[in-house]
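For reference, the structure discussed in these notes is given below.
The values are calculated or read from the model by the stated rules, or taken from the named source; none is laboratory data. Quantities reported herein were computed from a predicted structural model and do not represent experimental measurements. Every residue, glycine among them, receives a Cβ derived from its backbone with ideal geometry; neighbour counts consider all protein chains shown. Areas reflect the complete protein model, heavy atoms only, side chains present, ligands, DNA and RNA absent. Shrake-Rupley method; radii C 1.70, N 1.55, O 1.52, S 1.80 Å.
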Amino acid sequence: MMAPDDVGRNPIGESQVGESQVGKSNSDGYKLCATAFWVTNPAEGELRRETLAHPAQDEVLVRTLYSGISRGTESLVFNGRVPESEFSRMQAPFQAGEFPAPVKYGYCSVGQVEYGPDNLLHKTVFCLFPHQDYYVVPATAVLEVPANVPAKRAVLAANMETAINGVWDAEPMLGERICVIGAGVVGTLVAYLCAQIPGVDVHLVDINPERRQLAEQLGIAFCTSEHAPQDQDCVIHASGHPEGLRQALEVVGSEGRIIEMSWFGEGNVSIPLGGAFHSQRLTLKASQVGQLPPKLRPRWDYQRRLALALSLLADERLDALISDESDFAQLTTLAPKLFGPESTALCHRLRYCLHDPS
């Protein structure tokens with residue numbers, strides 16, 4: 001392990017951003033500098049420089065390789081649509097600033113440990129950290145990426161974790177008919193997981209017919225909204241639009257259950273509960289990744305769930321969920337489009353350096 005003073009002697013090298021690097025501060029010592037993306041106002045962002053504290057013995061210094069944009073939640077944050085009632089609950093683990101802005105937000109970071117405990121040194125790790133090129137966190141906050149999962153694909157870990165929680169909440173059973181409405185990253189991953197349960201008949205439903213190719217790449221049956229199958233045992237809604245939830249109520253069968261995975265932010269949602277909802281004794285249940293299902297809590301914790309998510313990313317077909325990639329330095333310019341209402345991006349990957357150890 002390097003001594004803390006050695007960290008200042010530029011063991012990392014320069015970031016692609018150009019400005020961020022470990023650099024000399026004065027004749028007496030060195031400082032660690034980083035660049036991070038901040039939402040400064042609704043629909044506006046900028047790259048900001050900051051100085052990092054030298055890592056303690058129980059901390060790690062991570063050089064970011066890639067980060068992923070989780071467009072659903074991050075769109076609400078970028079556009080200032082987080083309800084005040086949810087300011088506390090929607091905080092990311094290493095968020096800085098406060099909603100609505102200025103705020104540093106994100107949770108899909110993959111990097112290489114440049115300083116830390118021997119068992120993590122030079123390892124590729126995943127961390128629930130915002131978009132930033134270098135950072136210092138407790139060693140317990142990172143999880144090693146499995147050797148059979150490329151760093152480029154590991155940015156999907158947080159989305160896979162959300163999908164796992166959604167499947168746990170849905171409790172799919174052998175032979176059930178299941179619809180997943182919304183072929184974004186999370187919805188597609190939910191359908192992908194459910195389709196691997198023997199006998200389960202899964203359809204991924206979306207208003208965009210171009211999502212058919214994505215579904216086919218992952219071996220999932222697909223249909224557009226007007227062709228969604230009826231009389232479903234379970235419908236999992238992940239479209240983020242009220243119309244998708246209304247359709248869920250239409251296609252679920254008697255005594256069926258609907259799992260709501262979308263988060264609508266400040267939006268008000270109107271759904272027709274005066275129709276078959278009561279007469280067919282339907283169940284509407286929310287699923288949110290911030291808490292484990294109650295029955296699993298005695299034996300599961302967040303780290304075990306995240307480790308499972310990373311292990312499930314070994315399938316190379318999941319690369320189809322990465323719709324595009326760009327340099328971190330371009331994020332300020334790209335953000336309004338990526339988080340805009342017309343965006344059809346799945347997971348947009350940001351790259352931070354030229355050398356990917358995987």
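Cβ-Cβ contacts under 6 Å between residues 6 or more apart (or on different chains), taken from a first residue in the stretch 299-320 that is closer than 17 Å to A151 by Cβ to a second residue that is acidic (D, E) and surrounded by 13 or more Cβ atoms within 10 Å (Cβ to Cβ), are listed as L306/E161; A309/E161.
Yes/no per residue for (1) among the polar types (S, T, N, Q); (2) outside any helix (DSSP H, G or I):
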{"position": "L284", "(1), (2)": "no, yes"}
{"position": "L292", "(1), (2)": "no, yes"}
{"position": "K295", "(1), (2)": "no, no"}
{"position": "R304", "(1), (2)": "no, no"}
{"position": "R317", "(1), (2)": "no, no"}
{"position": "S326", "(1), (2)": "yes, yes"}
{"position": "L331", "(1), (2)": "no, no"}
{"position": "C353", "(1), (2)": "no, yes"}
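Total residues in the stretch 127-156 satisfying the condition of being hydrophobic (A, V, I, L, M, F, W, C) and touching an Asp or Glu at 6+ places or on another chain (Cβ under 8 Å): the figure is 4.
Residues in the stretch 234-273 that are surrounded by fewer than 18 Cβ atoms within 10 Å (Cβ to Cβ) and among the polar types (S, T, N, Q): S254, N268, S270.
Within the set of pairs 6 or more residues apart or between chains, which connect a residue that is aromatic (F, W, Y) inside the stretch 273-297 to a residue that is part of a strand (DSSP E or B) and open to solvent by 50 Å² or more (accessible area, probe 1.4 Å) with Cβ atoms less than 9 Å apart? Pairs that qualify, where the first residue is aromatic (F, W, Y) and the partner is part of a strand (DSSP E or B) and open to solvent by 50 Å² or more (accessible area, probe 1.4 Å), are F277/L284.
Only a single criterion out of (1) surrounded by 14 or more Cβ atoms within 10 Å (Cβ to Cβ); (2) in contact (Cβ under 8 Å) with a residue 40 or more places away in the chain; (3) not polar (S, T, N, Q) is not satisfied by D231, namely (1). Within the stretch 165-187, restricting attention to residues that are open to solvent by less than 10 Å² (accessible area, probe 1.4 Å) and in a helix (DSSP H, G or I), the residue that is nearest to L310 (Cα to Cα) is N165. Taken over the stretch 46-85, the criterion of being outside any helix (DSSP H, G or I) and in contact with a Cys (Cβ under 8 Å, 6 or more places away or on another chain) is satisfied by R49, E50, T51, L52, V62, R63, T64, L65, S67, G68, I69, S70.
A residue that is in contact (Cβ under 8 Å) with a residue 24 or more places away in the chain, assigned to a loop (DSSP other than H, G, I, E, B) and over 19 Å from the mean Cα position of the chain (by Cα) occurs nowhere in the stretch 244-261.
Quick one: in the stretch 106-140, of everything that is of a type in the set (G, A, S) and more than 24 Å from L47 (Cα to Cα), which residue is least open to solvent (accessible area, probe 1.4 Å)? My answer is G116. Considering every residue within the stretch 264-281, establish whether at least one is among the hydroxyl-bearing types (S, T, Y), farther than 21 Å from I178 by Cα and in contact with a Lys or Arg (Cβ under 7 Å, 6 or more places away or on another chain). No; the residues of the stretch 264-281 include none that is among the hydroxyl-bearing types (S, T, Y), farther than 21 Å from I178 by Cα and in contact with a Lys or Arg (Cβ under 7 Å, 6 or more places away or on another chain). Within the stretch 49-78, being crowded, with 16+ Cβ neighbours inside 10 Å and more than 30 Å from S239 (Cβ to Cβ) holds for E50, L52, H54, P55, E59, V60, L61, V62, R63, T64, L65.
The conditions of being open to solvent by 20 Å² or more (accessible area, probe 1.4 Å) and without any contact (Cβ under 8 Å) to a residue 24 or more places away in the chain are met by E84. Does the stretch 204-233 hold any residues that are of a type in the set (D, E), in a loop (DSSP other than H, G, I, E, B) and within 18 Å of L249 (Cβ to Cβ), and which are they? Across the stretch 204-233, the qualifying residue is only D231. Residues in the stretch 29-44 that are more than 21 Å from A141 (Cβ to Cβ), open to solvent by 20 Å² or more (accessible area, probe 1.4 Å), under 22 Å from the mean Cα position of the chain (by Cα) and not polar (S, T, N, Q): P42, A43, E44. Scan the stretch 188-206 for residues that are open to solvent by 30 Å² or more (accessible area, probe 1.4 Å) and more than 15 Å from M160 (Cβ to Cβ) and the total you get is 5.
When the residues of the stretch 93-145 are filtered to those that are touching a Phe, Trp or Tyr at 6+ places or on another chain (Cβ under 6 Å) and not in a loop (DSSP other than H, G, I, E, B), the one that is farthest from V62 (Cα to Cα) is K104.
Can you find a residue in the stretch 146-163 that is open to solvent by 10 Å² or more (accessible area, probe 1.4 Å), hydrophobic (A, V, I, L, M, F, W, C), within 30 Å of R63 (Cα to Cα) and in contact with a strand residue (DSSP E or B) (Cβ under 8 Å, 6 or more places away or on another chain)? Checked against the condition, which is being open to solvent by 10 Å² or more (accessible area, probe 1.4 Å), hydrophobic (A, V, I, L, M, F, W, C), within 30 Å of R63 (Cα to Cα) and in contact with a strand residue (DSSP E or B) (Cβ under 8 Å, 6 or more places away or on another chain), the stretch 146-163 yields no hits at all.
Summed over the stretch 292-335, residues that are open to solvent by 10 Å² or more (accessible area, probe 1.4 Å) and within 23 Å of A183 (Cα to Cα) total 15. With the structure loaded, tell me whether G111 is in contact with a helix residue (DSSP H, G or I) (Cβ under 9 Å, 6 or more places away or on another chain) and under 19 Å from A147 (Cα atoms) or whether it fails that test. Answer is yes for this residue.
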